[in-house]
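The values are calculated or read from the model by the stated rules, or taken from the named source; none is laboratory data. Computed from a predicted model, the values in this text were never measured in an experiment. Here the Cβ is made from the backbone with ideal geometry for all residues, glycine too, and neighbour counts use every protein chain on show.
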Ligand code: NAP
Ligand code: ZN
Ligand code: ZN
């Protein structure tokens, strides 16, 4: 077994604290990765606090993992020692269902094996995530980080980046399309950068005026403060696509449905702890669509990394020490991060 050091939640109510544990010895197709950086996703907070479902404790969160290959199993062909690699939100799938065969493994019909707070396909080994110094992952679920992207900036791409890239590409954001990003946090700010690079006209819908200057610097064409109804009225029936990244259920969806054109789509990627309340009338009246999307496939994640390298896109990050994580969680909850915390795992 491989010794690992990490930071874990010991219960839904306790703060995260140091934790020593073991990783499996590499199997034939496994890659052993020295974790250098791990991003803090809002999903880490939802899960560490059992806001979605009862978590498995001790829980080492983290699914925005960037590091260097330490060693490889005897049959690994994709990676070699020293390669820059990443791991995102899942580390295995069934590989045989229609979704897996169609390279949409994020929609595996048997469910993805989550990078942490999940159980391996042996149905007993609990997975542990990236707030740690080492991880062992099957090569088919490991991503190649392009040379031009530094490891600290690569980390948030593994979840935040692909979670926005996938729906933007699927719903054809591009030249001539009017796209809105609702909520400009870790996910949202990547959405702005990617949608701009795809050539869309991009509008940020934000609950305060604080991020206006940043959004415009990132290339957004418009910035709208959603608290004022009058601001929203100017954009009635305006957008081809809205991506909702808001982490809270306390938003009035109907007012955002009203901003969609006939037949246009609002995609929720934000995953609040409580159900959203939906008034269907604005959907009914303009044949609008309401959809969801979960992260992206392994294939799309690699495509997104290469796209970001080509277009020189990287997240805005604040690099922190592992022992700052509890403070960081509080700041994420207050929307007080520009725009992703990334833990320097060499400091563990
Ligand atoms: P984040 O950095 O905390 O950003 C969330 C943003 O939502 C905030 O920056 C804020 O943007 C807005 N917001 C927060 N509270 C609000 C409130 N009460 N009213 C209105 N707006 C509010 O979180 P994140 O890491 O980007 O994650 C966002 C959500 O996506 C989380 O629920 C997370 O679990 C989920 N997620 C889903 C997937 C998926 O595959 N579908 C993947 C990753 C994460 P403004 O300040 O601009 O208003
Ligand atoms: Zn995430
Ligand atoms: Zn499958």
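Of the residues 86, 55, the single one that is within 16 Å of ligand 1 (Cβ to nearest atom), in a loop (DSSP other than H, G, I, E, B) and buried (at least 19 other Cβ atoms within 10 Å of the Cβ) is 55.
Residues that are within 23 Å of the chain's Cα centre (by Cα), farther than 21 Å from residue 274 by Cα and not in a loop (DSSP other than H, G, I, E, B) within segment 206-239 comprise 212, 214, 215, 216, 217, 223, listed in sequence order.
Filtered by the rule that a residue be within 16 Å of ligand 2 (Cβ to nearest atom) and either over 13 Å from residue 129 (Cα atoms) or in a loop (DSSP other than H, G, I, E, B) (or both), segment 28-41 gives 40, 41.
Answer yes if at least one residue in segment 59-68 is more than 16 Å from ligand 3 (Cβ to nearest atom) and more than 30 Å from residue 147 (Cα to Cα), and no otherwise. Looking for residues that are more than 16 Å from ligand 3 (Cβ to nearest atom) and more than 30 Å from residue 147 (Cα to Cα), one finds at least one in segment 59-68, hence yes. Taken over segment 272-296, the criterion of being touching a helix residue (DSSP H, G or I) at 6+ places or on another chain (Cβ under 7 Å) and closer than 30 Å to residue 90 by Cβ is satisfied by 273, 276, 278, 290, 293, 294, 295, 296. Checked against (1) in contact with a strand residue (DSSP E or B) (Cβ under 7 Å, 6 or more places away or on another chain); (2) within 16 Å of ligand 1 (Cβ to nearest atom), residue 108 passes all but condition (1).
Checking 103, 139 one by one, the residue that is more than 16 Å from ligand 1 (Cβ to nearest atom), touching a strand residue (DSSP E or B) at 6+ places or on another chain (Cβ under 9 Å) and touching a residue at least 24 places away in the same chain (Cβ under 8 Å) is 139 and no other.
From 268, 297, grab the single residue that is closer than 21 Å to residue 202 by Cα, buried (at least 16 other Cβ atoms within 10 Å of the Cβ) and within 16 Å of ligand 2 (Cβ to nearest atom).
Answer to the check: 268.
Has segment 172-188 got at least one residue that is surrounded by fewer than 22 Cβ atoms within 10 Å (Cβ to Cβ) and assigned to a helix (DSSP H, G or I)? There is no residue in segment 172-188 that is surrounded by fewer than 22 Cβ atoms within 10 Å (Cβ to Cβ) and assigned to a helix (DSSP H, G or I).
Note on segment 94-132: residues that are surrounded by fewer than 24 Cβ atoms within 10 Å (Cβ to Cβ) and part of a loop (DSSP other than H, G, I, E, B) total 20.
Yes/no per residue for (1) in contact with a strand residue (DSSP E or B) (Cβ under 6 Å, 6 or more places away or on another chain); (2) within 16 Å of ligand 2 (Cβ to nearest atom); (3) under 26 Å from residue 324 (Cβ atoms):
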site	(1), (2), (3)
26	yes, no, no
43	no, yes, yes
47	no, yes, yes
64	yes, yes, yes
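Among the residues of segment 244-254, the one identified as free of Cβ contacts under 8 Å to residues at least 40 places away in the same chain and touching a helix residue (DSSP H, G or I) at 6+ places or on another chain (Cβ under 6 Å) is 254. Here residue 146 fulfils each of the conditions (1) in contact with a helix residue (DSSP H, G or I) (Cβ under 9 Å, 6 or more places away or on another chain); (2) more than 30 Å from residue 310 (Cβ to Cβ) apart from (2). Apart from one condition, residue 229 fits all of (1) out of contact with any strand residue (DSSP E or B) (no Cβ under 7 Å at 6 or more places or on another chain); (2) more than 30 Å from residue 148 (Cβ to Cβ); (3) at pLDDT 95 or above; the exception is (3). When we screen 91, 196, 136 for residues that are within 27 Å of residue 319 (Cβ to Cβ) and part of a helix (DSSP H, G or I), the only hit is 196. Being farther than 25 Å from residue 263 by Cα, at pLDDT 95 or above and either exposed (fewer than 15 other Cβ atoms within 10 Å of the Cβ) or in contact with a helix residue (DSSP H, G or I) (Cβ under 9 Å, 6 or more places away or on another chain) (or both) holds for only one residue in 158, 241, and it is 158. Listed by position, the helices (runs of 4 or more DSSP H) enclosed by segment 254-348 that each have at least 3 residues that are closer than 29 Å to residue 209 by Cβ are 325-333. Of the residues making up segment 89-100, those that are away from ligand 2 (no atom under 16 Å from the Cβ) and in contact with a strand residue (DSSP E or B) (Cβ under 6 Å, 6 or more places away or on another chain) number 1.
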